[in-house]
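Asker: One structure follows; several queries about it will come next.
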Amino acid sequence: MGANESHTTSHADGEGPSSKPRLDDIPESCVALVLMHLDPLEICNLARLNRAFHGASSADFIWETKLPSNYRFVLDKVLDDDKTMAGLGKKDLYARMCRPIPFDGGTKEIWLDKNTAGVCLSISSKALTITGIDDRRYWNCISTDESRFQKVAYLHHIWWLEVDGELEFQFPAGKYSLFFRVQLGKPTKKMGRRVCNTEHIHGWDIKPVKFELTTSDGQHAASECFLENPGNWVNYHVGDFVVLHPNELTNIKFSLTQIDCTHTKGGLCLDAVFIYPSSLGTEISTTLKM
């Protein structure tokens, strides 16, 4: 990376060259040192100013500081599923990580929030342990474009509802929030338009559903609520956990249960579990986009 050549311009009266410095005169190396202190969106906006800013904006040492501290762990985790990431420059790697990257056979995804570079994860219903999932009297796997995984688990009816999940991952330091994404009603399409079949919904207004999470370093969170809002995907906040040691693996166990066997419940779609930096929690707590 080197400096662009300085250019001179003439005065309007033609009396001689101007000594006034221009933006083009700043060497790329100096531009790069400034850009490394900006956030990714600011860097991309400034890259459009001129050639010096455009060239400097691609420097690996700038984007190395924008990647999460666990990006090498992520690469090791996903390279078996996505060979295209091997050998990418840091800027291209950052851009690729801002799009969902599947791993563990496509049952999980990781991506970066493009505004904050926060690490986000999703875990499909296929990766969860669901009591009775193999008995078609109780559960079915249905296809839908309303899930980022293209499939959701649909509960016809059951007495004992228990969904468990576990994830071991190396997170950057920070606070994270975990959500279950569920919907009352079965999504479908009629004449090309979205409709939701709500005829099998029952039992959710009698007792609340319990959500719980624990971590390998002793953190625990639990919450209870009645499932509501039929026909709409809702993200139920299970709880938060804090990562203090980013170079260590964190094991998280989480669950959704309603095990009161005095009544059946049904008509529930289970899409996925999401983990987001808690700073994004206020945007996530109502409805998640796919």
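Asker: Below 11 angstrom from the Cβ of residue 260, what's the summed charge of the other residues (Lys, Arg +1; Asp, Glu -1)?
Answerer: +3
Asker: What's the local net charge at residue 159, with K and R +1, D and E -1, over the other residues with C-beta under 15 Å away? The partial results should precede the final answer.
Answerer: Working: positive: 137, 207, 265; negative: 135, 162, 260.
With Lys, Arg at +1 and Asp, Glu at -1, the neighbours total 0.
Asker: Sticking with this structure for a sec: Taking a temperature of 10 °C and a viscosity of 1.306 mPa s, what whole-number D in µm²/s does Stokes-Einstein yield for the range 21-163 with Rh from Kirkwood over alpha carbon pairs?
Answerer: Values: Rh = 18.1 Å.
The Stokes-Einstein estimate is 88 µm²/s.
Asker: So for the range 119-288, Kirkwood radius off the Cα pairs, Stokes-Einstein at 4 °C and 1.567 mPa s: how many µm² s⁻¹?
Answerer: Calculated translational D: 79 µm²/s.
Asker: Here's a follow-up. Return the distance in nm (one decimal) between the two label points of a simple spin-label model at residue 251 and residue 151, each offset 7 Å from Cα along Cα→Cβ.
Answerer: Modelled inter-label distance: 2.8 nm.
Asker: Further, regarding this structure: Give the Rg (one decimal place) followed by the Dmax (whole number) of the range 226-278, computed from C-alpha coordinates and expressed in Å.
Answerer: Reported Rg and Dmax, both Å: 15.3, 46.
Asker: Given labels modelled 7 Å from the Cα in the Cβ direction, how far is it in nm from residue 229 to residue 104?
Answerer: Placing both labels 7 Å along Cα→Cβ, they lie 2.5 nm apart.
Asker: Pairs 77/265; 126/210; 190/210; 175/265; 175/253: which exceed 27 Å Cα-Cα?
Answerer: Result: 77/265; 190/210; 175/265 exceed 27 Å.
Asker: Output the Cα-based Rg and Dmax of the range 173-216 in Å, rounding Rg to one decimal and Dmax to a whole number.
Answerer: Every Cα atom of the range 173-216 included, Rg and Dmax give 16.4, 49 Å.
Asker: Need one value: the accessible area of residue 196 in square angstrom, 1.4 angstrom probe, rounded to the nearest 10.
Answerer: Approximately 40 Å² of residue 196 is accessible to the 1.4 Å probe.
The values are calculated or read from the model by the stated rules, or taken from the named source; none is laboratory data. Note that the structure is a prediction, hence the values are computed from the model and not measured. As a convention, Cβ positions derive from the backbone with ideal geometry for all residues, glycine included, and neighbour counts pool all protein chains shown. For accessibility, only protein heavy atoms count, side chains too; no ligands or nucleic acids. Shrake-Rupley method; radii C 1.70, N 1.55, O 1.52, S 1.80 Å.
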